[in-house]
1. Using +1 at the C-beta of Lys and Arg and -1 at the C-beta of Asp and Glu, which of S135, V278, M66 has the Cα lying farthest in the positive direction of the dipole of the chain?
2. Roughly how big is segment 71-205's charge dipole about its Cα centre, with Cβ charges of +1 (Lys, Arg) and -1 (Asp, Glu), in debye to the nearest 20?
3. Sort largest first and round to whole Å: the equivalent ellipsoid semi-axes of segment 89-168, each the square root of five times a Cα gyration tensor eigenvalue.
4. Using the crude model of +1 on Lys and Arg Cβ and -1 on Asp and Glu Cβ, and no other charge, please compute the dipole size for segment 3-132 relative to its Cα centre, in debye to 20.
5. Summing Lys, Arg as +1 and Asp, Glu as -1, what charge do residues with Cβ under 14 Å from the Cβ of F28 carry, F28 excluded?
6. Once the whole set of protein chains is in place, how much accessible area is left on D142, using a 1.4 Å probe, in Å² to the nearest 10?
7. Placing +1 at every Lys and Arg Cβ and -1 at every Asp and Glu Cβ, with all other atoms neutral, what dipole size does the chain have around its Cα centre, in debye to the nearest 20?
8. What is the Å³ per residue value for the convex hull set by the Cα atoms of segment 3-132?
Amino acid sequence: MPKIQQFSIRGDNRGSLIALECGKEIPFAVRRAYYIFGTSMGVARGYHAHKALSQICIAVAGSCRMILDDGTGRSEVMLDRPDKGLLIRSNIWREMHDFSEDCVLLVLADSIYDESDYIRDYDHFLEFVSKSKLSFHPYDMDYLDHSWNWLNDPETKALVDAGDFTRAQQRAWFESLSGRNDYLVWGVGLHNQPVGVVGLKGIERASAEYFGYFGEKSCWGKGLGQQMLDFAEDQARQRGITLMRLRVLESNTRAIRLYERLGYRFCATQPPASVLMVKALG
Ligand code: T46
């Protein structure tokens, strides 16, 4: 579960230097930095999760032990080197222990401070993650039927920028899937109910285009989109894909904010109303 970013040390005979750039070593736009230091012996910190925040923690001096918990299991990471960054996404309970006297823990965050983003009670955290855990399934006839309804809703259709298609064309597309190696699609579920679709298209060699949407509007604005992207990126990495593209309507500012937060950068505009964003998968 813990994602460690290894940073390059640019050293010479005068000493060492580490440079961190957004979009390279830091997979999001940094909007805040803070550092924790002078922690008294035996004091533990943290004991909370974030609903949306992503952060990278670096022990630029000294060491501390981090415990991360995703609601299903715990893991530990010793942060004891300035060239090691620990990426902590949302919905992860964190605890910090065993601070060395000289520890300076630098934290780079993708948002400004917002107390309402904290979950400071462990039972509340467990409830929050279990309520909002998406599941991913083979795209079957049931999802095909749901997609028909979802993509015939004018609001969803406009947001997804889907063209017109008939039921027969949709069926022919579905039947073509098993023979294609440039296209992958999964159904997305919440509490065992179909709620959306996620996939990779235009797969060629090391690059692919991400697509995903929630057909069930009850899922909109709940901060669930990150799980779809995490899933698609994992699937892409497993297939040796190193460059992810995506297209989004310029007017879909909520989605653009999420993509930026997860490390996607504007690459080009796609007339009449879309933008192309890209991300190098680490
Ligand atoms: C996290 C871990 C790794 C602010 O006013 N602005 C800030 O940006 C932050 C981070 C904190 N504060 C205030 C809020 C509290 O009154 O500073 C005080 C200490 O914060 P907290 O008790 O949340 O500190 P930690 O060390 O338990 O947790 C911090 C971060 O809050 C948290 O996001 O992931 O470090």
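1. It is V278, whose Cα lies furthest towards the positive end.
2. 640
3. 43, 17, 13
4. Dipole of segment 3-132, to the nearest 20 debye: 340 debye.
5. Around F28, the surrounding residues sum to +3.
6. Near enough 70 Å² of accessible area.
7. 540
8. Dividing the Cα hull volume of segment 3-132 by its residues yields 112 Å³.
The values are calculated or read from the model by the stated rules, or taken from the named source; none is laboratory data. Note that the coordinates shown come from a computational prediction; the quantities given were computed from them, not determined experimentally. Counting neighbours? That spans all protein chains shown, and the Cβs are built from the backbone with ideal geometry, glycine included. Side chains are part of the model used for accessible areas, which takes the heavy atoms of the whole protein and leaves out ligands, DNA and RNA. Shrake-Rupley method; radii C 1.70, N 1.55, O 1.52, S 1.80 Å.
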